1. Build a GNM of the chain with springs between Cα atoms under 10 Å: which of HIS215, HIS224, HIS240 gets the top mean-square fluctuation?
2. Can you give the angle from 0 to 90° between the axis of helix 168-181 and the longest principal axis of the chain, with both taken from C-alpha atoms, to the nearest 10?
3. In region 90-244, what % of DSSP beta bridges are antiparallel (nearest 5)?
4. Counting chymotrypsin sites (Phe, Trp or Tyr not before Pro) as exposed when in a DSSP loop with at most 16 other beta carbons within 10 Å, what is the longest stretch of the chain free of them?
5. Largest first, how would LYS104, LYS38, LYS68 line up by accessible area (1.4 Å probe)?
6. At 222 nm, what value in deg cm²/dmol follows for the chain if DSSP H runs of at least 4 each add -39500 (n - 2.57) and the sum is divided by all its residues, to the nearest 500?
7. List the relative contact order of the chain as a percent without decimals, with contacts defined as Cα pairs under 8 Å and 6+ residues apart.
8. With a 1.4 Å probe and every protein chain kept in, tell me what percent of the accessible surface of region 52-158 is carbon plus sulfur.
Amino acid sequence: MTNASAPSTTTGNRTAIPTIAGSQHSAPVLQADRLTVKYSGMPAVDDISLEIAPGSITAVIGPNGCGKSTLLRLLGRLASPDAGTVLLDGVAISTLPTREVAKKLGILPQSPQAPEGMTVGDLVSRGRDPHRRWYDQWSQGDEAVVYDALERTGMAEFADRQLDSLSGGQRQRAWIAMALAQGTDILLLDEPTTFLDVVHQLDVLELVTELHRDHGITVVMVLHDLSMAARYADRLIAIHAGRVVADGTPTEVVTPRTMAEVFDLDCEVITDSRTGRPIVVPIGRATTGDTTGDN
């Protein structure tokens, strides 16, 4: 299912909440309303509002330090805003019990850490914690969910392996399996392809796409590789200096003008003949006038 969004609009001093095709028929599963976070008096996230439609894949792009990871942490309640609200299924996420949030939303931060010596099976089993009280015994149902998560991520054969012994791509699959074992419908991924070579980047993003396609999981991920983001996401949100600069389909967002504005990048944008998605060909730093006339 492809959910293309319309570009955001501005009304007065407030940025209107972007809409996504199909959202007229289904309420957003995740919303941000005028989120603001300041560090040392400077805004890291500056009055951002957006809606995430169920069953969509959204990629947040932008240069280092622009606020994209902070935004993802706010959406996943790993950080609290100085102003504004995050809504999960229409309810302020700050008012929900932690266990209830974890049943609906899984988040993988950058470079997640596990205790030394932990096996893949033990890690994935941790995904069942939101569904169990401290006095609950491990059930056959829990075992089935964990096995299914391992199978779906191609990690069943590594269940007894220690995480430290795996490749970077395999570790990312193990963490995604843990999130799947939570049984959530929303998955937030902060730079899931960092430190991976191009083949393992493809493996991870193909897995994310498969989970979205086969199980309807809603995905929001922060990505650095612009062409990868354009290839795998239905919607791109481009952020610069804590504010949304562009919001729309990959074709709408990945343009020479927007790349210059967001990344200070002079580039050529070509179309992938196989996917029809845009590909960014970097040329150098943008210079005044280089993108005049580009859309």
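The values are calculated or read from the model by the stated rules, or taken from the named source; none is laboratory data. Here the structure is a predicted model, which means the values were calculated and not measured. Cβ: placed from backbone, ideal geometry, glycine included. Neighbour counts: every protein chain shown. Note: accessible area is taken over every heavy atom of the protein model, side chains too, but ligands, DNA and RNA are not part of it. Shrake-Rupley method; radii C 1.70, N 1.55, O 1.52, S 1.80 Å.
1. HIS215
2. 70 degrees
3. Working: 3 of 12 bridges.
Of all bridge pairs located within region 90-244, approximately 25 percent are antiparallel.
4. Values: sites that count: TRP134, TYR135, TRP138, PHE195.
Answer from the scan: 1-133.
5. Working: LYS104 75, LYS38 115, LYS68 10 Å².
Final ranking, largest accessible area leading: LYS38, LYS104, LYS68.
6. Details: 9 runs with 85 residues, N = 295.
When only DSSP H runs of four or more count, the value is -8500 deg cm²/dmol.
7. Numbers: 595 pairs, mean separation 63.5, N = 295.
It rounds to 22 percent for the chain.
8. On the way: 2510 of 5290 Å².
So the carbon and sulfur contribution to the accessible surface is 48 percent.
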